[in-house]
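First the structure, in the form of structure tokens, and then the observations on it.
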């Protein structure tokens, strides 16, 4: 509550939006005094990201090792449904040949969903438990940290560049895709004298579109989850009256949690499908 520890509403909000950080200084590594330090590490975001990724990997491995055809349990049936859904999404959207895309899409949608799902835990529970153990700050939703969302989107962006260069070649990618589109001077019948100007203009346009892909992936996920987390914090300021509002917002937020994981997966599939297209 805002009254706990004598905090004002503003201090309460700021406290819940502050990461547990560690960073190197000239006096050694310090905790929670990393403002403006580019080498600062958000320990809580890294911790929950790794734990949830490990949970996803263990759960799917555990079910795969014990999978049966005769008497599948509810957990196996649920995971098979998820795998089938992702496989169908990849088949309908991705038109290239790659053994990586389907496992990548499955990993992203499940991992992002689990990280988003942390937003449904009442905002004071884990930070209060951490405070009792001497941990001053704790943010439990990794996707409200732009470092996490940008990290995932940059990884996808690297794959986009890799497959674009592998499938199209250096010339096909830089010249054929970035410089000859959307205004192809050859198709337009323009004099060769002005081709360099048109190609330079195309390169600027296509570079902006290319760089917008990781930005759209990361900022969309971060913005939606950050806004949802802020709503939960504002509801928590109401004290005991937060319970019905928290439940109502949580029910609605389940849609946001699921939808954002699905959108991140689908955009990744679409971008990688475009990278595999020869034309």
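A few comments on the model shown:
- C-alpha long axis of helix 101-117 to longest principal axis of the chain, angle in °: 30
- Kirkwood hydrodynamic radius of the chain, Cα pairs, Å: 21.8
- Taking the number of Cβ atoms within 10 Å of each Cβ as an exposure proxy, the fewest-first ranking of 163, 137 is 137, 163.
- Once Rg and the Kirkwood radius are both taken over the C-alpha atoms of region 65-126, their ratio Rg/Rh works out to 1.10.
- In degrees, nearest ten, helix 74-93 long axis to first principal axis of the chain (Cα): 30
- Residue with peak Gaussian network fluctuation, the chain [Cα springs, cutoff 10 Å], from 143, 268, 78: 78
- Computed packing ranks the peptides 251-260, 269-278 as 269-278, 251-260, most packed first, by mean other Cβ atoms within 10 Å.
- Two-decimal log10 I(q)/I(0) for region 126-279, as the Debye equation yields it once each C-alpha is a single scatterer, q = 0.19 Å⁻¹: -1.14
- Fully extended contour minus Cα-Cα distance, from residue 207 to residue 162, at 0.36 nm per residue: 14.6 nm
- Between the alpha-carbon centres of region 136-190 and region 57-78 there is a gap of 36 Å.
- For region 174-229, Kirkwood radius (reciprocal of mean inverse C-alpha pair distance, Å): 13.0
- In this simple spin-label model, placing a label point 7 Å from the Cα along the Cα-to-Cβ direction at both residue 136 and residue 37 gives a separation of 1.2 nm.
- Helix 43-65 vs. the chain, principal-axis angle (Cα, 0 to 90°, nearest 10): 80
- Using the Cβ-Cβ distance between residue 147 and residue 270 with R0 set to 25 Å, the FRET efficiency works out to roughly 0.55.
- Each listed q (0.20 Å⁻¹) maps to a log10 I(q)/I(0) for region 31-139, found by the Debye formula over equal Cα scatterers with no solvent: -1.12.
- Modelled label reach - residue 66, point 7 Å along Cα→Cβ, region 76-92 residues with backbone N closer than 16 Å: 76-80
- Subtracting the Cα-Cα distance of residue 95 and residue 76 from 0.36 nm times their residue separation leaves 4.0 nm of extension gain.
Values in this text are rule-based calculations from the coordinates and carry no lab data. Since the model is a prediction, treat every value here as computed from it, not as a measurement. Counting neighbours? That spans all protein chains shown, and the Cβs are built from the backbone with ideal geometry, glycine included.
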